[in-house]
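In what follows, a single structure is set out as structure tokens and then discussed.
The values are calculated or read from the model by the stated rules, or taken from the named source; none is laboratory data. All values reported here derive from a predicted model rather than from experimental measurement. Note that each Cβ is placed from the backbone with ideal geometry, even for glycine, and that neighbours are counted across all protein chains shown. We work out accessible area using only protein heavy atoms, side chains counted, and drop any ligands, DNA or RNA first. Shrake-Rupley method; radii C 1.70, N 1.55, O 1.52, S 1.80 Å.
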Amino acid sequence: MEAVQRSPGYSVEREVLDEQSLEEVAQRREKSPRTPLADRLKHSLRCSGCRLRRSVLRWVPVLSWLPRYSFRDSALGDLVSGVSVGIMHLPQGMAYALLASVPPVFGLYSSFYPVLVYFIFGTSRHISIGTFAVISLMVGSVTERLAPNENFFHNDTNGTEVLDLTTRDAYRVQVAAAVTILAGIFQVVLGLVQFGFVVTYLSNPLVRGYTTGAAVNVVISQLKYIFGLHSRRHSGPLSLVYTLIDVCWLLPQTNLGTLVVSVVSLVALIAVKELNVRLTRKLPLPIPVELIMIVAGTLVSSLASLQPQYGVEVVGEIPSGLQPPRAPDVSLFREVIGDASALAIVGYAISISLGKTFALKHGYKVDSSQELVALGLSNTVGGFFQCYSVSSSMSRSLIQESTGGKTQMASAVSAVIVLVTVLKLGSLFQSLPKAVLSAIVFVNLKGMFMQFLDICTLWRSSKIDLLVWVVTFVSTLLLNLDLGLAASIGFALLTVIFRTQLPRYYVLGQIPGTELYLDVETYAEAREILGITIFRSSATVYFANAELYLEALKKKSGIDISKLLTYKRKQAAKQQRREQREQRRARRHAKRAVRRLSLGSLGKWSWDIHSIILDLSTCNFLDTVAINTLKSIFTDFGEIDVGVYIAGCQACVVEQLECGDFFIPSLTKRHLFPSVHDAVLHCLQLHGTPTAPGYDCVLDMDCSTKL
């Protein structure tokens with residue numbers, strides 16, 4: 001028979017320590033005086049060659065890795081990866097421009113300028129910056145709201161209303177550039193003040209629920225291109241519902257030519273993408289099906305005259321060359337400030353989550369604040385060149401990493417591919433049906449729709465996280481993207497408040513033969529110590545749950561303080577009358593006898609409890625309300641001769657107690673203990689080992705602890 005291997009044991013022999021004794025033994029350091037603000041400011045402004053070099057390398061990361069770039073190890077992989085990603089940029093840039101409600105060429109601009117800026121300032125080696133469906137849709141909601149079609153109709157010579165597409169598109173580009181620049185400024189400022197941690201308020205369920213809801217928004221917004229309908233785009237709450245109603249109402253007017261192009265494109269894209277997945281190991285590079293569909297769609301549309309003969313809507317004029325920089329219309333900033341803040345937060349959340357994923361996989365570090373600066377500069381600089389807001393794309397980033405990309409040099413190569421297309425090849429795609437671009441958008445949303453599987457996973461792991469996911473998803477659908485994000489963040493923060501406001505409360509018992517104390521309701525071997533109640537909350541104590549903490553303590557200990565205090569006052573009055581007739585010794589003896597006899601009839605714990613230990617090991621801070629609550633606990637229980645002690649305080653909590661004037665001559669650090677076991681031993685030393693008739697718990701303190 002195989003021998004059972006026992007874990008190694010340990011024994012500790014030391015004196016029982018309270019907080020004051022612990023500080024003497026551990027020699028607590030006095031806090032050094034704070035450096036005056038003027039000196040700190042002077043030090044921060046001091047410049048040296050070494051410090052300047054560190055700052056430059058930190059803010060411009062390309063200078064740290066490009067001089068050490070290994071052509072032998074990285075060049076081939078970056079070249080292949082850059083070409084693959086560049087080919088993906090072309091169809092996605094033009095397709096996502098439809099979501100942003102700007103001409104397709106501006107999607108190509110957005111796949112060029114921001115990529116070069118991120119190449120210089122970014123710290124992730126694998127993410128692909130550029131157009132992204134969710135961000136494009138958020139930009140589109142702004143451009144459609146501020147530049148709706150209704151504002152650009154005019155009467156021609158025949159008195160017929162005609163939509164001035166040129167003027168409308170030009171103004172929409174201005175709106176998109178303005179909101180992009182403002183979002184970029186927000187990101188840069190947050191990055192400079194080291195506010196990269198702001199993304200921690202966007203939990204993973206929130207981000208995934210939001211992007212899933214945005215994917216549904218994208219699909220519904222593209223239905224008019226799939227069916228060849230001319231429905232207007234709604235904005236504001238319930239806009240998705242109104243859009244869906246419009247599409248259903250207009251379905252009898254479906255353009256059959258557009259529908260055929262859409263169905264063929266969808267079938268071809270889905271089939272080839274599935275083939276890419278199944279043949280991943282056999283294909284050196286994935287088949288660029290989006291680019292093939294764009295080329296094929298353009299050729300078929302041009303040769304078959306799909307627009308003039310069948311009314312299939314096409315991309316239209318695509319100017320060759322790059323646009324000169326142009327200052328934004330600052331008068332628009334006031335109208336887009338809310339949208340810009342939402343773009344800044346969502347864009348950064350998506351980028352940093354992808355960046356950290358790849359960094360963890362490949363063993364390097366991504367600077368959260370520098371990523372904010374890099375993404376902000378990409379948007380700000382891009383906005384001056386009529387780009388719209390960008391972020392990292394999951395599909396392109398996976399291609400960049402899986403095809404051998406090692407550094408952001410791959411992004412530079414992809415930018416060159418886009419540049420050549422803009423300069424020489426863009427005009428060739430003027431006959432491309434918009435239905436093909438919508439089909440590309442549809443198929444590229446597969447990854448986001450797979451996030452519906454999160455519902456099953458979260459149901460098993462965390463109902464609260466599932467609720468956050470569902471509320472975020474529904475809010476995004478019903479309240480639009482900007483209001484939906486705000487509502488989702490608010491709800492997620494409320495769940496945090498509710499979790500801390502409604503924690504679980506425990507009475508702890510000792511595991512025999514150890515110094516461990518666990519919940520008596522969860523662990524069968526956890527034994528309560530007669531005369532001592534050890535109380536713990538699962539959350540920190542602060543203003544939102546301090547009163548609940550006090551009520552739970554009274555309930556768990558079984559002590560009704562108000563009744564006991566009332567009874568004590570009555571007994572004190574009776575005792576005062578007796579004192580006038582009896583001698584001092586007789587009075588003291590009568591007082592103890594009466595109190596024990598009377599308290600014994602008040603309840604189970606009124607006789608047994610002589611000490612309460614508050615385990616504050618779960619607390620990471622105490623505010624003034626919590627400190628006052630602890631004071632009242634000591635005062636109230638002290639009135640009925642029950643000693644109260646605190647165990648497990650962190651050093652920062654002890655400092656907060658000091659600053660909150662918690663300690664007084666009658667309440668010192670002698671009431672604080674570094675562990676529950678120290679507090680228990682102290683109570684037993686004061687009151688003796690518990691023995692009571694019928695008490696079925698044999699107290700086992702055998703853990704080599706010296707009293």
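Data for the structure
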| read-out | value |
| --- | --- |
| So residue 162, is it in contact with an Asp or Glu (Cβ under 6 Å, 6 or more places away or on another chain) and either surrounded by fewer than 22 Cβ atoms within 10 Å (Cβ to Cβ) or within 30 Å of residue 297 (Cα to Cα) (or both) | yes |
| Residue count, the stretch 357-390 (criterion: surrounded by fewer than 21 Cβ atoms within 10 Å (Cβ to Cβ), in a loop (DSSP other than H, G, I, E, B) and either touching a strand residue (DSSP E or B) at 6+ places or on another chain (Cβ under 7 Å) or free of Cβ contacts under 8 Å to residues at least 40 places away in the same chain (or both)) | 1 |
| Helices (runs of 4 or more DSSP H) lying entirely in the stretch 231-339 (those with 2 or more residues that are exposed (fewer than 13 other Cβ atoms within 10 Å of the Cβ)) | 239-250, 256-278, 306-310 |
| Some residue of the stretch 623-645 being among the polar types (S, T, N, Q), closer than 25 Å to residue 541 by Cβ, modelled with pLDDT of 90 or more and open to solvent by less than 60 Å² (accessible area, probe 1.4 Å) | yes |
| Pair list, Cβ < 9 Å and 6+ apart or interchain, from the stretch 538-557 residues that are more than 20 Å from residue 649 (Cβ to Cβ) to residues that are assigned to a loop (DSSP other than H, G, I, E, B) and among the charged types (D, E, K, R) | 554/560 |
| Boolean, residue 105 is part of a helix (DSSP H, G or I) and either modelled with pLDDT of 95 or more or touching a Leu at 6+ places or on another chain (Cβ under 8 Å) (or both) | no |
| Lone unmet requirement of (1) open to solvent by 20 Å² or more (accessible area, probe 1.4 Å); (2) under 31 Å from the mean Cα position of the chain (by Cα) for residue 155 | (2) |
| Some residue of the stretch 348-355 being open to solvent by less than 20 Å² (accessible area, probe 1.4 Å) and in contact with a Gly (Cβ under 6 Å, 6 or more places away or on another chain) | no |
| Residue in the stretch 72-91 that is free of Cβ contacts under 8 Å to residues at least 12 places away in the same chain and open to solvent by 10 Å² or more (accessible area, probe 1.4 Å) present | yes |
| Index of the failed condition, residue 394 passing every other in (1) surrounded by fewer than 22 Cβ atoms within 10 Å (Cβ to Cβ); (2) farther than 27 Å from residue 292 by Cα | (2) |
| Identity of the residue in the stretch 8-31, more than 22 Å from residue 667 (Cβ to Cβ) and hydroxyl-bearing (Ser, Thr, Tyr), that ends up modelled with the lowest pLDDT | 10 |
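Each row is one residue, and each column tells you yes or no for (1) surrounded by fewer than 16 Cβ atoms within 10 Å (Cβ to Cβ); (2) free of Cβ contacts under 8 Å to residues at least 12 places away in the same chain; (3) closer than 30 Å to residue 105 by Cβ; (4) touching a His at 6+ places or on another chain (Cβ under 6 Å).
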position	(1), (2), (3), (4)
435	no, no, yes, no
461	yes, yes, no, no
474	yes, no, no, no
488	no, no, no, no
498	yes, yes, no, no
513	yes, no, no, no
520	no, no, no, no
525	yes, no, no, no
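Okay, residues lined up against (1) of a type in the set (Val, Ile, Thr); (2) under 21 Å from residue 371 (Cα atoms); (3) surrounded by fewer than 24 Cβ atoms within 10 Å (Cβ to Cβ):
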| site | (1), (2), (3) |
| --- | --- |
| 70 | no, no, yes |
| 95 | no, no, no |
| 100 | no, no, no |
| 120 | yes, yes, yes |
| 127 | yes, yes, no |
| 148 | no, no, yes |
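Residues checked against (1) aromatic (Phe, Trp, Tyr); (2) modelled with pLDDT under 95:
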residue: 117; (1), (2): no, no
residue: 122; (1), (2): no, yes
residue: 126; (1), (2): no, yes
residue: 133; (1), (2): no, yes
residue: 136; (1), (2): no, yes
residue: 152; (1), (2): yes, yes
residue: 159; (1), (2): no, yes
